[in-house]
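To start, the structure itself, in structure tokens.
Throughout, read-outs are computed from the coordinates displayed, never taken from laboratory work. This one's a predicted model, so the numbers in the text were calculated from it and none came from an experiment. Here the Cβ positions follow ideal geometry from the backbone for every residue, glycine too, while neighbour counts run over all protein chains shown.
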Amino acid sequence: MKGLSINKSLLLVGALAGLILAIGLLPQGTAKADPWVPTQANVSGADPRNAPVIEWKWELPDMNDAAAGIQYDSPGDHDSSVFPATPPVSHNMMQVAPNLEDDPAPQLIEYWVAVQDPNGLGDIQTVWVNVYEPPNVFKYKLHLDRVTCNEATLGNWNLAGTVLGAAYETGQMTAAEAGNILYQCNQNNKAVYHAVGDISKHQPCGEYRVEAGVTDLAGNVGTMTNWFDVLCVVGLEIDFDAVDWGGITPGVRDWVQGDWTWDRPPGGSVPPTVKNTGNTPMFVGLGFTEMVGYNFNQLITVFDARLIDLAGDVTIDPISTWTLVTFPNPLQSNEQAKLDVSIHPQWGLPADWYNGWMWIQGSP
Ligand SMILES: [Ca+2]
Ligand SMILES: [Ca+2]
Ligand SMILES: [Ca+2]
């Protein structure tokens with residue numbers, strides 16, 4: 001049956017050729033056959049496969065913690081405190097801060113690579129990244145997925161809130177390269193892959209190394225390494241929102257004792273505890289205003305404070321009003337410390353209600 005059908009086709013071709021010849025003689029309004037062009041290929045004796053190549057890589061931070069997934073957001077929102085070096089293989093490619101207390105979730109970060117293969121994109125098998133936190137500790141491995149290549153998916157350097165727009169905005173890519181990736185990807189000359197990971201505030205700040213790799217069917221490997229920065233941040237949190245010494249006696253120092261317990265729910269005049277929710281050591285500073293008597297306007301102007309943490313047990317005494325003092329014992333990342341606060345009411349204070357403020361701050 002198959003042979004018969006071929007014969008019929010040949011006959012049909014012959015008939016068409018005759019028809020074309022006849023039509024070709026007509027003076028105008030001629031129709032041409034669909035053109036046929038030769039095709040050719042060769043497979044050499046040796047395995048002709050060449051290694052795939054990672055042509056560009058970049059990382060993008062999630063710019064909106066409130067929304068699930070990754071948002072690239074608008075120009076100017078990205079941190080540019082460190083001027084990026086020449087992409088694509090460089091240090092300081094991008095800067096990202098962790099979410100304090102990992103709230104509402106650890107900071108997301110998206111890893112991107114553009115790859116090609118001399119044997120065609122069909123030769124590419126797997127694309128991955130290995131991420132190392134400082135000082136050179138393996139953090140995780142992510143397998144990357146290929147994305148569709150069009151402007152709706154990738155955007156472009158001048159389109160805010162898009163992949164390529166954010167890559168350009170963070171200085172990880174020139175306008176020309178962004179346009180090139182979009183175009184070559186559309187032409188199936190490059191493929192673009194991505195995966196999402198996270199950076200917890202429990203991880204150290206500093207330089208993170210990202211090793212990207214790609215394999216092809218023959219097991220050839222292409223790699224590229226770059227570095228981005230996780231910024232060092234401190235986060236002061238306190239579990240109290242008032243310091244109440246209650247009844248005090250003129251001439252007698254009185255304490256509000258802290259503890260190491262995070263009061264839940266926080267708030268009120270609970271035993272004071274302070275916490276560092278950032279990723280780098282934090283120094284605690286505090287100061288007092290005068291406490292002013294409600295009826296007689298008499299002042300209490302001397303206080304002291306004590307901070308007990310893993311780094312030490314330090315009392316600063318006395319503390320005058322409007323003077324910021326800083327404890328020399330820093331709180332490590334995630335560490336909670338006990339804060340005691342005392343008041344020095346002087347002799348001769350009249351019976352009254354006294355009110356003032358204490359302010360507290362954390363600094364790296
Ligand atoms: Ca190949
Ligand atoms: Ca988000
Ligand atoms: Ca407490």
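Table for the structure above
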| quantity | calculated |
| --- | --- |
| At 1.567 mPa s and 4 °C, Stokes diffusion of region 204-359 via Kirkwood alpha-carbon radius, µm² per second | 71 |
| Local net charge near Gly268, Cβ-Cβ under 12 Å (Lys/Arg +1, Asp/Glu -1) | -3 |
| Likely footprinting exposure, Lys338, Lys141, fewest C-beta neighbours within 10 Å first | Lys141, Lys338 |
| Charge tally in the Cβ shell below 13 Å around Phe288, where Lys, Arg are +1 and Asp, Glu are -1, Phe288 excluded | -3 |
| Per-peptide average of other Cβ atoms within 10 Å, ordering 272-280, 247-255, 194-202, 181-189 highest first | 272-280, 194-202, 181-189, 247-255 |
| Convex hull volume per residue for region 259-338, taking Cα atoms only, in Å³ | 101 |
| Among 94-100, 260-266, 149-155, the order from most to least packed when residues are scored by Cβ within 10 Å on average | 94-100, 149-155, 260-266 |
| Virtual paramagnetic centre 7 Å along Cα→Cβ of Ala66, amide N under 14 Å, in region 104-138 | 104 |
| Local electrostatic count, Arg209, Cβ distance below 14 Å [Lys/Arg +1, Asp/Glu -1] | -2 |
| Computed over region 53-230: relative contact order in percent, which uses C-alpha pairs under 8 Å that are six or more apart | 33 |
| Share of pairwise Cα separations in region 309-364, more than 13 Å, in percent | 71 |
| Compactness of region 53-230 - radius of gyration and Dmax, Cα, Å | 15.4, 47 |
| Residue order, fewest to most beta carbons within 10 Å, for Trp357, Trp347, Trp112 | Trp347, Trp357, Trp112 |
| Mean separation of Cα contacts under 8 Å (6+ apart) over length of the chain, as relative contact order % | 16 |
| J(HN,Hα) series, region 292-298, from Karplus relation 6.51 cos²θ - 1.76 cosθ + 1.60, nearest Hz, glycine and proline x | 10, x, 5, 8, 10, 6, 7 |
| Relative contact order (%) - criterion: Cα under 8 Å, at least six apart; region: region 252-364 | 40 |
| Mean projected area in nm² (Cα convex hull; one quarter of hull surface) for the chain | 32.6 |
